[in-house]
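Notes follow once the structure below has been shown.
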Amino acid sequence: MAKTTVDPLIPESDDRQIPEIDPARVTLQYSGLAWREYQVIAPAGFVAADLNEAPEAWRKLQNGSRNALRKFDRVMVIDHDENWFAEATVAFADHKSVIFARPKITSLPSRVDKLFETEEYRVKFLGSGSYAVERKRDGAIVTQQVASAELAARDLNNLYPRKAA
């Protein structure tokens, strides 16, 4: 029997709730005379197929944001978990939607380095370069977000009591 795999770039069902792009996660990279370039960190649950299948996902950004996209702006959309990124040019934009002209989607290799963990806790990648410690039994995040896996590993070690000298 052949093993089937699910492509993370394709949504699993038609009735799922498509997450909206948060204007706070949109960064102006370059503003030229003719067009602008942006970096967008996609929310958890946003898949590459949503780029043109769900133009309404951009509603919050387009509705009065200073970074609202315009025709011919260039956009790099980065997956929340950094599994893929897409480079695209805006073909159409209004106050509630964005349509891209043939986005180029690139899959990134999965994590090579194993994140630190113990029997009770693990370092978890939260997306867009931030890490925290997660309790394994219930999935609760028990530390503040930090910028590197090493800092999160230090926080994990600090959760355990120290022996008195």
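The values are calculated or read from the model by the stated rules, or taken from the named source; none is laboratory data. Please read all numbers here as calculations on a predicted model, not as lab measurements. Note: ideal-geometry Cβ built from the backbone for every residue, glycine included; neighbour counts use all protein chains shown.
For the range 24-55, what are the residues that are part of a helix (DSSP H, G or I), surrounded by 12 or more Cβ atoms within 10 Å (Cβ to Cβ) and without any contact (Cβ under 8 Å) to a residue 60 or more places away in the chain?
Scanning the range 24-55 gives Asp50, Leu51, Asn52, Glu53, Pro55.
Taking each residue of the range 134-161 that is under 12 Å from Val123 (Cβ atoms) and looking for partners that are in a helix (DSSP H, G or I) with beta-carbon atoms closer than 8 Å, six or more apart or interchain, yields Thr143/Ala152; Thr143/Asp155; Thr143/Leu156; Val146/Ala152; Val146/Asp155. Residues that are surrounded by 10 or more Cβ atoms within 10 Å (Cβ to Cβ) and hydrophobic (A, V, I, L, M, F, W, C) within the range 106-118 comprise Leu108, Leu115, Phe116, listed in sequence order.
Scanning the range 119-128 for residues that are without any contact (Cβ under 8 Å) to a residue 40 or more places away in the chain and surrounded by 12 or more Cβ atoms within 10 Å (Cβ to Cβ) turns up Glu120, Tyr121, Arg122, Val123, Lys124, Leu126. Taken over the range 131-165, the criterion of being out of contact with any helix residue (DSSP H, G or I) (no Cβ under 9 Å at 6 or more places or on another chain) and of a type in the set (S, T, N, Q) is satisfied by Ser148, Asn157, Asn158. Can you tell me which residue within the range 69-84, out of those that are at pLDDT 95 or above and of a type outside the set (Val, Ile, Thr), is surrounded by the most Cβ atoms within 10 Å (Cβ to Cβ)? Among those that are at pLDDT 95 or above and of a type outside the set (Val, Ile, Thr), it is Leu69.
Of the residues making up the range 80-117, those that are under 30 Å from Val142 (Cα atoms) and touching a residue at least 40 places away in the same chain (Cβ under 8 Å) are His80, Asp81, Glu82, Asn83, Trp84, Phe116.
For residues that are among the charged types (D, E, K, R) and part of a loop (DSSP other than H, G, I, E, B), scanning just the range 88-133, find the one that is nearest to Asp155 (Cα to Cα).
Only one residue tops the list, namely Glu120.
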